Amino acid sequence: MTVAEYIAERLFSEGVRYVFGVPGGASIPLIEAIRQAGIAFVLTAEERSAGFMADVTARITGIPGVCHSTFGPGATNMSTGVGCALLDRSPLLALTSEMPDDWIDRTTQMNINHQALFKPVTKATFRLSPRNVQSVLPRALSICNEEYPGPVHLGIPSDIAGNQVSSDVKSQEVRRQQIPENNHDITEIKNLLKSSKNPVIAIGLTAARLCNSRQVNTLLTGFQVPVLLTPMAKGLIDEEHPCYAGVLSHALSDYLEDIISQADLVIGLGYDPVEYNYESWMPDVPLIHFDTVLPDLPRSRHVYSFVGDPTDWFAILSELKLTSGIISSGLLAEVREEMDSVFRGFTSGFGPVTVMKVLGEMLPRDTIVTVDVGSHLHLAGQYWKTHGFQNLIMTNGWSSMGFGLPAAIAAKLNKPSSTVVCLTGDGGFLMSAGEVLTARRCLASIIIVVFSDGELNLIKLKQTWKGLQPYGIHISSGDLFGSECFLGAKVFNATSETTLRDAVMNALILDETVIINAIIDPEDYKWLVVKQK
């Protein structure tokens, strides 16, 4: 078996069905081996999108996503998408072509040190050879899946694809992850839980990856306390659940301070600080942190950590029976009603809240929604109703613009029977607009809703918070598209609630990629997006 054949066959046996990227001359034998193995190579408009698509594929399937690039500029482009998998915690293999051994340290076209490039944005980076591929590839697959999951880079010298693999049975052993012995006394944690009168649960990214709504709902049957979510944990609890409080750091999250200020204990359930550090919102009360690893935690507080499997988290908490005073007093219900009332107050004009309201009313309840970075993300994170489906896909650890459209394509490829909608600002859309052709070529019929306001609104808000005049944020004036078609996709303009409803109805009927250009008044954002501490 050749190196290329071994890589392709091993990936297929792991469940990989897509490799995303842009080929180079050196990678032709590998791509052919991938095709022969039954894996589809998805050509992307550029390599950053390939990383995003691999990331989202991993989130949806639980199988490591795979992306590919050629030398130099291809690799630097892809590193942005690979970084997304690092800080959004997705298992991923990043494959790049590299110079042969004779040229690796020479001055030559497109040649840079890929191991140095990818080291800061991966868990590990390796250079393959016919002698080590049988040991390195299994090890890379193991590393990318270990907690926290993330990307591993594999450099493939351009002259080894057709070489025969050197057999070495011993080298196929895969290391096993060890749980660190850093847990606090469980009795101490339970005593702290039992003595609390007003605890608050903060659920985060680790729980979003490893838990489901059923587990959370079962816990809350007897342990009725307010639940705060980080943005990427959205959907783990239905917004109508009596314990649901809201989403930290997103629109109107300052209203949650009335709940947080009453807490005498914070329980971090699979809470990953990569999204939002505890110090940014917690009162000066004890913290119990349940996780699969021990991350960077506050040093200035009373912190009690438990590292283990989620089953163990819920086992410890299931012994508790309590109704928090924050709920029994009616405070939580009051805060929720106040936030809902504020949102309703922004539905008379044609702004982002109206667009979200219409989409929420017209789209199927189980629609998969991908959201790009921008002011609209802060609104979606708080206002969008998931109905308990974990179908809101975003990047918050990495927070790269241009994520939404590639993410939607990956979601549709992996869930072809689902309705998939991308919510993006005009700035984020322009960063990945070429992927409209990728969607059409892959027959990935998605609905792209562009919140067109002609500016980078979130940067504009941050400038005004500093007392500065908006500068360097204007994208366009007038119609963003100026046409009824963009790269072969139909464009429906929406300038009112009525025209938006018509556009959504047409988009749902058509079995093709459609763009809805929602030309909005961005004024809502000024009142809804919260300045972070």
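The values are calculated or read from the model by the stated rules, or taken from the named source; none is laboratory data. Note that this is a predicted model, so its numbers are computed, not measured. Note that we place each Cβ from the backbone using ideal geometry, even for glycine, and neighbour counts take in every protein chain shown.
A few comments on the model shown:
- Candidates in the stretch 344-372 are the residues that are touching a residue at least 60 places away in the same chain (Cβ under 8 Å) and in contact with a helix residue (DSSP H, G or I) (Cβ under 6 Å, 6 or more places away or on another chain); of these, the one that is nearest to THR61 (Cα to Cα) is THR370.
- Any chance SER418 is hydroxyl-bearing (Ser, Thr, Tyr), buried (at least 24 other Cβ atoms within 10 Å of the Cβ) and not assigned by TED's automatic domain parsing to the domain that holds ALA54: no
- Residues (surrounded by fewer than 20 Cβ atoms within 10 Å (Cβ to Cβ) and either more than 25 Å from the chain's Cα centre (by Cα) or touching a residue at least 40 places away in the same chain (Cβ under 8 Å) (or both)) located in the stretch 259-277: SER261, GLN262, ASP264
- The residues of the stretch 443-474 that are farther than 21 Å from TRP527 by Cβ and surrounded by fewer than 22 Cβ atoms within 10 Å (Cβ to Cβ), listed by number, are LEU443, ALA444, SER445, TYR471, GLY472, HIS474.
- Hits in the stretch 37-82 (condition: farther than 20 Å from LEU430 by Cβ and among the basic types (Lys, Arg)): ARG59
- Which listed residue is crowded, with 22+ Cβ neighbours inside 10 Å, in the same structural domain as GLY308 (by TED's automatic domain parsing) and over 17 Å from ILE267 (Cβ atoms), from ALA207, ALA202, ALA251, ALA245: ALA251
- Residues (touching a Phe, Trp or Tyr at 6+ places or on another chain (Cβ under 9 Å) and over 15 Å from LEU229 (Cβ atoms)) located in the stretch 258-289: PRO286, LEU287, ILE288, HIS289
- Which numbered condition PHE306 misses (of (1) surrounded by fewer than 18 Cβ atoms within 10 Å (Cβ to Cβ); (2) modelled with pLDDT under 95; (3) touching a helix residue (DSSP H, G or I) at 6+ places or on another chain (Cβ under 8 Å)): (1)
- For the stretch 217-236, filtered to residues that are of a type in the set (A, V, I, L, M, F, W, C) and free of Cβ contacts under 8 Å to residues at least 40 places away in the same chain, the residue that is surrounded by the fewest Cβ atoms within 10 Å (Cβ to Cβ) is LEU220.
- Taking the conditions (1) over 30 Å from PRO295 (Cβ atoms); (2) surrounded by fewer than 23 Cβ atoms within 10 Å (Cβ to Cβ) in turn, MET99 satisfies each one other than (2).
- For THR395, the conditions (1) hydroxyl-bearing (Ser, Thr, Tyr); (2) closer than 29 Å to GLY62 by Cβ; (3) surrounded by fewer than 21 Cβ atoms within 10 Å (Cβ to Cβ) are fulfilled apart from (3).
- Failed condition for ILE31, given (1) more than 30 Å from LEU430 (Cβ to Cβ); (2) surrounded by fewer than 21 Cβ atoms within 10 Å (Cβ to Cβ); (3) more than 21 Å from the chain's Cα centre (by Cα); (4) not small (Gly, Ala, Ser): (1)
- Wholly enclosed strands (runs of 3 or more DSSP E) of the stretch 447-521 bearing at least 1 residues more than 20 Å from GLY360 (Cβ to Cβ) and assigned by TED's automatic domain parsing to the domain that holds SER375: 489-494
- Answer from VAL369, VAL373 - the residue that is closer than 19 Å to ASP88 by Cα and in a loop (DSSP other than H, G, I, E, B): VAL373
- Residue match in the stretch 279-294 (condition: in the same structural domain as LYS190 (by TED's automatic domain parsing), among the acidic types (Asp, Glu) and either modelled with pLDDT of 95 or more or buried (at least 22 other Cβ atoms within 10 Å of the Cβ) (or both)): yes
- Residue in the stretch 321-337 that is modelled with the highest pLDDT, counting only those that are buried (at least 22 other Cβ atoms within 10 Å of the Cβ) and not in a loop (DSSP other than H, G, I, E, B): LEU332
- Test result for ASP340, in a loop (DSSP other than H, G, I, E, B) and free of Cβ contacts under 8 Å to residues at least 60 places away in the same chain: no
- In the stretch 398-415, the qualifying residues are those that are touching a residue at least 60 places away in the same chain (Cβ under 8 Å) and aliphatic (A, V, I, L, M), and the one that is surrounded by the most Cβ atoms within 10 Å (Cβ to Cβ) is ALA407.
- Looking across the stretch 352-395, the residues that are polar (S, T, N, Q) and either over 21 Å from ASN493 (Cβ atoms) or in the same structural domain as HIS250 (by TED's automatic domain parsing) (or both) come down to THR367, THR370, GLN382, THR386, GLN390, ASN391, THR395.
- Of the strands (runs of 3 or more DSSP E) lying entirely inside the stretch 213-286, those containing at least 1 residues that are among the hydroxyl-bearing types (Ser, Thr, Tyr) span 244-247.
- Residue list for the stretch 203-227, restricted to those being within 21 Å of ILE326 (Cβ to Cβ) and under 18 Å from the mean Cα position of the chain (by Cα): ILE203, GLY204, ALA207
- In the set ALA75, ALA54, only one residue is within 16 Å of the chain's Cα centre (by Cα), buried (at least 22 other Cβ atoms within 10 Å of the Cβ) and hydrophobic (A, V, I, L, M, F, W, C); that residue is ALA54.
- Options VAL530, VAL504: the member that is more than 30 Å from PRO416 (Cβ to Cβ) and buried (at least 16 other Cβ atoms within 10 Å of the Cβ): VAL530
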